[in-house]
Amino acid sequence: MLFFSLAILTISSLAFAYEPSPLQDFCVADSKPSARVNGLACKDPKMVEANDFFFSGLHMAGNTSNAVGSSIKPVNAAQIPGLNTLGVAMVRLDFAPWGINPPHTHPRASEILTVLEGTLEVGFVTSNPENRLITKVLNKGDVFVFPVGLVHFQRNVGNCNAVAIAAFSSQNPGLMGVASAVFGSNPPISSDVLSKAFQVDKKIVEQLQWKF
Ligand SMILES: *[C@@H]1O[C@H](CO)[C@@H](O)[C@H](O)[C@H]1NC(C)=O
């Protein structure tokens, strides 16, 4: 009986580990939902039009004049209401020479990235206790996968701009920057916690908190 219950638990947790499969052709997100649901409420299918499945502008380079030298243009359920319930999304990434996309995770999606221009060093780190860095240099046309939830980054290792397109296995992958989550939370995590966690002086922690 215990075994049976455990088996049922395992099966049901598997069923809920990823976004549920659609039960209809589409569920175009309603911009004025009256109910809160897991995802977005559906628009009346009779009111759905081509533009609900459309986005324009990914040909435009992002502005990389910032501290990290990169920019991200998301195309998820917020930009294309027709993506709601379909379990996919994408981004355009632009990198200035030697720009980086800082270490971050997507809590709800694996990512598959392809380089359109330039040369990117990419990497992700496996979970404890190995914390192995798996890294590679990618050129134009190369494709790399970042498994769901793992901390990863990209760096332009060339003197030209770099451009990449990445696709996600979620309509809303989520983005948690390691530095911004740890040092830039609102309200801040106690510097005592961070100074013990990172084994550094509180002054260094406060400096990092000030930056983020
Ligand atoms: C890019 O961003 C920087 C910093 O925010 C700004 O000063 C600059 O005007 C922007 N450039 C363009 C072309 O929008």
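The values are calculated or read from the model by the stated rules, or taken from the named source; none is laboratory data. Not measured: the values here are computed from a predicted model. Neighbour counts run over all protein chains shown; Cβ positions are idealised from the backbone, glycine included.
A few points about this structure:
- Among the residues listed as T126, T114, the single one being among the polar types (S, T, N, Q) and closer than 21 Å to M90 by Cβ: T114
- Within region 61-80, if we keep just the residues that are within 11 Å of the ligand (Cβ to nearest atom) and in contact with a strand residue (DSSP E or B) (Cβ under 8 Å, 6 or more places away or on another chain), the residue that is nearest to E111 (Cα to Cα) turns out to be S71.
- Residues located in region 181-205, provided they are surrounded by 15 or more Cβ atoms within 10 Å (Cβ to Cβ) and part of a helix (DSSP H, G or I): V182, F183, S191, L194, S195, V205
- Test: residue in region 43-60 that is away from the ligand (no atom under 16 Å from the Cβ), within 15 Å of A166 (Cα to Cα) and not basic (K, R): yes
- The residue list V200, V157, V163 contains one member that is touching a residue at least 60 places away in the same chain (Cβ under 8 Å) and not polar (S, T, N, Q), which is V163.
- Residues within region 34-50 that are farther than 21 Å from P173 by Cβ and either modelled with pLDDT under 90 or exposed (fewer than 10 other Cβ atoms within 10 Å of the Cβ) (or both), tallied: 6
- For region 81-109, the candidate set comprises residues that are away from the ligand (no atom under 16 Å from the Cβ) and surrounded by fewer than 17 Cβ atoms within 10 Å (Cβ to Cβ); within that set, the residue that is farthest from N161 (Cα to Cα) is P107.
- The listed residue being out of contact with any strand residue (DSSP E or B) (no Cβ under 9 Å at 6 or more places or on another chain) and within 30 Å of F26 (Cβ to Cβ), out of L86, L116: L86
- Answer from N159, N172, N131 - the residue that is touching a strand residue (DSSP E or B) at 6+ places or on another chain (Cβ under 9 Å), over 23 Å from V75 (Cβ atoms) and either surrounded by 14 or more Cβ atoms within 10 Å (Cβ to Cβ) or modelled with pLDDT of 95 or more (or both): N131
- Residue match in region 113-127 (condition: in a strand (DSSP E or B), small (G, A, S), within 17 Å of A164 (Cβ to Cβ) and within 16 Å of the ligand (Cβ to nearest atom)): no
- Condition check for F53: aromatic (F, W, Y) and closer than 27 Å to V182 by Cβ: no
- Check on K140, assigned to a loop (DSSP other than H, G, I, E, B) and either crowded, with 16+ Cβ neighbours inside 10 Å or among the basic types (K, R) (or both): yes
- Residue within region 110-129 that is in contact with a Phe, Trp or Tyr (Cβ under 8 Å, 6 or more places away or on another chain), on the phi < 0 side of the Ramachandran plot and among the acidic types (D, E) present: yes
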